[in-house]
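Structure first, then comments.
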Amino acid sequence: MSKTPSLIRLLVVDDHVLFRRGLVALLAQEDHLEVVGEAGDAGEAQRRARELQPDVILLDNHLPGVKGVDALAGLREVAPRAQVLMLTVSEDEQVLSAALKAGARGYVLKTINGPDLVRAIERTVAGESVVSPELTSKLVAAFQALHAAPATAATAAEVPPEPLDSLSSREREILGLIARGASNKEIARELGIAETTVKIHVQHILRKLGLSSRVQAAVYASERQRA
């Protein structure tokens, strides 16, 4: 995972002017954040993203014409280095699933407070996946639906090895903390180890479980806790 840059350049995409301006004013209070552009619809967002090449795109889903989730692919194509953080009122699990599947790094609700939003942006730039705690159960349901498949007689007769068994006790401990939404820094503080050590453990966990993101790791752990 990459380090958080000293200055994070943001593109804010939201069709509600008052909310957008308020958000820009809020973010302007942070010395390490710079809003380099604004957009009110998907077309304008794509043009601005291509022109500005921001570090993070804060993207609402309820845009006129083309929804934010449907604009994700185009935004990632014109600004491949930008991380997309959905900032929306939608708690629909299908929208959540579609956004993460299309490449959004995170998904947070507009009810988030200022400091938590700043932290979500920082974690996004650092390569971490961020999802509002209120949406955890919906994320689990969406992930289960995405990977659900009818069992056949052949697969039922074969019991595949449990990937969780390949994790060390320390890796299991870290996986549990990931499921609780803890960041690498918080995990390092909790366990009394270096943050770089946590990052290495997270990489090993993802590789052993055949996962590609912390979000999937959190879902995996949540499923096992509920089983």
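Values as computed for the structure displayed
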read-out: Some residue of the range 78-87 being at pLDDT 90 or above and part of a helix (DSSP H, G or I); value: yes
read-out: Qualifying residue in the range 116-124 (condition: farther than 17 Å from L27 by Cβ, free of Cβ contacts under 8 Å to residues at least 40 places away in the same chain and of a type in the set (G, A, S)); value: no
read-out: Positions within the range 144-195 being modelled with pLDDT under 85, under 21 Å from K208 (Cα atoms) and of a type in the set (S, T, N, Q), in sequence order; value: Q144, S166, S168, S169
read-out: Filter result (in a helix (DSSP H, G or I), surrounded by 15 or more Cβ atoms within 10 Å (Cβ to Cβ) and either touching a strand residue (DSSP E or B) at 6+ places or on another chain (Cβ under 7 Å) or among the hydrophobic types (A, V, I, L, M, F, W, C) (or both)) within the range 27-75; value: L27, A42, A45, R48, A49, L52, G68, V69, A71, L72, L75
read-out: Qualifying residue in the range 125-143 (condition: part of a helix (DSSP H, G or I), open to solvent by 40 Å² or more (accessible area, probe 1.4 Å), among the acidic types (D, E) and at pLDDT 85 or above); value: no
read-out: Residue that is most open to solvent (accessible area, probe 1.4 Å) [pool: residues in the range 89-124 that are in a helix (DSSP H, G or I) and among the basic types (K, R)]; value: K101
read-out: Test: I205 is buried (at least 17 other Cβ atoms within 10 Å of the Cβ) and part of a helix (DSSP H, G or I); value: yes
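The values are calculated or read from the model by the stated rules, or taken from the named source; none is laboratory data. Remember, it's a predicted structure, so these values are computed and weren't measured experimentally. Don't worry about glycine lacking a Cβ; one is built from the backbone with ideal geometry, like all the others, and counts go over all protein chains shown. Side chains included, ligands, DNA and RNA excluded: accessible areas come from the protein's heavy atoms. Shrake-Rupley method; radii C 1.70, N 1.55, O 1.52, S 1.80 Å.
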